[in-house]
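Contents: one structure, followed by commentary.
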Amino acid sequence: MAPTINEGVVDDGDILANERVIDMSDIVSNLEAEYTQFTTALMKVRSKPAHSTKVEWLEDRLFPRKTALAASAASADSTITVTTGEGSYFIIGDLVRNALTGEGYEVTSVSANSAAITRSIGSVAAASSASGAELVIIGNAALQGATLPTPKILERTAQYNYTQIFRLSYSFTRSLTQSNLYTGGEPNYERKKKAIEHKRQLESALFFGARDLDTGGSEPQGFMGGLVEFLSTNLHDPSGTMTATELDIFLQTDLQYGSSNKVIFASPTFARVVSTYARDNWTRSTPDNSVWGVKIDGLISGAYGYEIPVFVKREWGEFSTTNSQYGSWAFVVDFDKVRLRPLQNTVLLRNRQANDADRVTEEYLTECSMEVANEQAHAIIKNVTA
């Protein structure tokens, strides 16, 4: 083969491409950052080993102290109808206040859906009351020298969740693993990346996982239920636009039960909406202040007076906000009522390739579940866009 001859000035385009030393940065820029705050927090402070693929827990609450009229009651009625099944909340001798009329009743006998009463206990005269009036059980008034009132004990409830096996693998030919790469070489680079992806899967399951156990295949397949699978009481939908007053009303309900150790995990859209509340009432501290906007780290409950930390879930920013999808959501989580239950803590398993395979294969594996106790202590606020 005849040689190639460059005549005159040899410029940058005349040399062989193979001859050029590539100016490659030693840092690979990743588009997404790791924001797995829920998983990290549970691993550090709210984790207990599981000992079975089905984790179970018991829930309890104090004995109910209110019901409501299920039908209107005339001033002369000696029997009242209450919410179905809630007549059992009463004990003979209970003093009950009708919160609508203020009248006091003494309970003289009970059934599943009603109670016989003595009217006008106290200073308020017997009065007609509309259906829906709240009946508050003040306490039992016993006769002097009487025997015990009817013992009533609230039965505990059982809850459960399944463990899910999270696996994420990667594989390279052994030839590639021996090659010098600008990323630092494989599988080292992919190992770090897959650790983040694996943890992100765990984080998504904690919020959005579906609880199920499939026994129809050759082996059982467990699915860990996330928060959405358990929460049914405090589900708020302001239909797109949420005012500051609406948020306060939501939080008044959401903070009623459970501990004061609550946290809000918010989509960027939800956080943006909340930040406008402060901005609308904001005054610059000095005329030359060039900083504009509001950073939300927590919300102070107007009803209960304590601060609730807010963590923005940046990764939810890629989710749609239309039709109440996940990009418009926020979760109120009582950290004293949730717990990570690992049956197998996260491990990096190396040499997963077949014995005769000329390759390097590794995987991350976690098997875990989550307890979500007392669902009324948590909340979901969705469809917040403006």
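Residues of segment 224-255 being in contact (Cβ under 8 Å) with a residue 40 or more places away in the chain, part of a loop (DSSP other than H, G, I, E, B) and either aromatic (Phe, Trp, Tyr) or out of contact with any Lys or Arg (no Cβ under 6 Å at 6 or more places or on another chain) (or both), which ones?
Answer for segment 224-255, where residues must be in contact (Cβ under 8 Å) with a residue 40 or more places away in the chain, part of a loop (DSSP other than H, G, I, E, B) and either aromatic (Phe, Trp, Tyr) or out of contact with any Lys or Arg (no Cβ under 6 Å at 6 or more places or on another chain) (or both): MET224, GLY226, LEU231, SER232, THR233, ASN234, PRO238, SER239, THR241, MET242, LEU255.
Within the bounds of segment 60-69, is there any residue that is surrounded by 10 or more Cβ atoms within 10 Å (Cβ to Cβ), touching an Asp or Glu at 6+ places or on another chain (Cβ under 8 Å) and closer than 30 Å to ARG314 by Cα?
The answer is no; no qualifying residue exists.
How many residues, within segment 201-243, are of a type in the set (Lys, Arg) and surrounded by fewer than 19 Cβ atoms within 10 Å (Cβ to Cβ)? Let's see the steps before the verdict.
If we filter segment 201-243 for residues that are of a type in the set (Lys, Arg), which is where we start, we get 211.
Okay, now just the ones that are also surrounded by fewer than 19 Cβ atoms within 10 Å (Cβ to Cβ), so none.
Count: 0.
Restricting to segment 20-55, name every residue that is modelled with pLDDT under 95, over 23 Å from VAL332 (Cα atoms), loosely packed, with under 10 Cβ neighbours inside 10 Å and not aliphatic (A, V, I, L, M).
ARG20, ASP23, SER25, ASP26, SER29
Hey, could you check segment 199-222 for residues that are out of contact with any Ser or Thr (no Cβ under 7 Å at 6 or more places or on another chain) and in contact (Cβ under 8 Å) with a residue 40 or more places away in the chain and say which is farthest from GLN37 (Cα to Cα)? Working first, answer last.
The initial filter retains those residues of segment 199-222 that are out of contact with any Ser or Thr (no Cβ under 7 Å at 6 or more places or on another chain), namely 201, 204-205, 207-221.
With the extra rule that they be in contact (Cβ under 8 Å) with a residue 40 or more places away in the chain, the set shrinks to 205, 207-209, 211-213, 220.
On the way: ALA205: 13, PHE207: 12, PHE208: 15, GLY209: 16, ARG211: 22, ASP212: 25, LEU213: 27, PRO220: 30 Å.
The residue in question is PRO220.
Just checking, which of VAL45, VAL21 is of a type in the set (Val, Ile, Thr) and without any contact (Cβ under 8 Å) to a residue 12 or more places away in the chain?
None of the other options fit; the residue is VAL21.
Residues are listed down the side, and each one gets a yes or a no for (1) buried (at least 16 other Cβ atoms within 10 Å of the Cβ); (2) not basic (Lys, Arg):
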{"position": "THR321", "(1), (2)": "yes, yes"}
{"position": "TYR326", "(1), (2)": "yes, yes"}
{"position": "LYS337", "(1), (2)": "yes, no"}
{"position": "GLN344", "(1), (2)": "no, yes"}
{"position": "LEU348", "(1), (2)": "no, yes"}
{"position": "ASN351", "(1), (2)": "no, yes"}
{"position": "ASP356", "(1), (2)": "no, yes"}
{"position": "ARG359", "(1), (2)": "no, no"}
{"position": "LEU365", "(1), (2)": "yes, yes"}
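The values are calculated or read from the model by the stated rules, or taken from the named source; none is laboratory data. From a predicted model like this one, the values you see are computed outputs, not experimental measurements. Backbone-built Cβ (ideal geometry, glycine too); neighbour counts: all protein chains shown.
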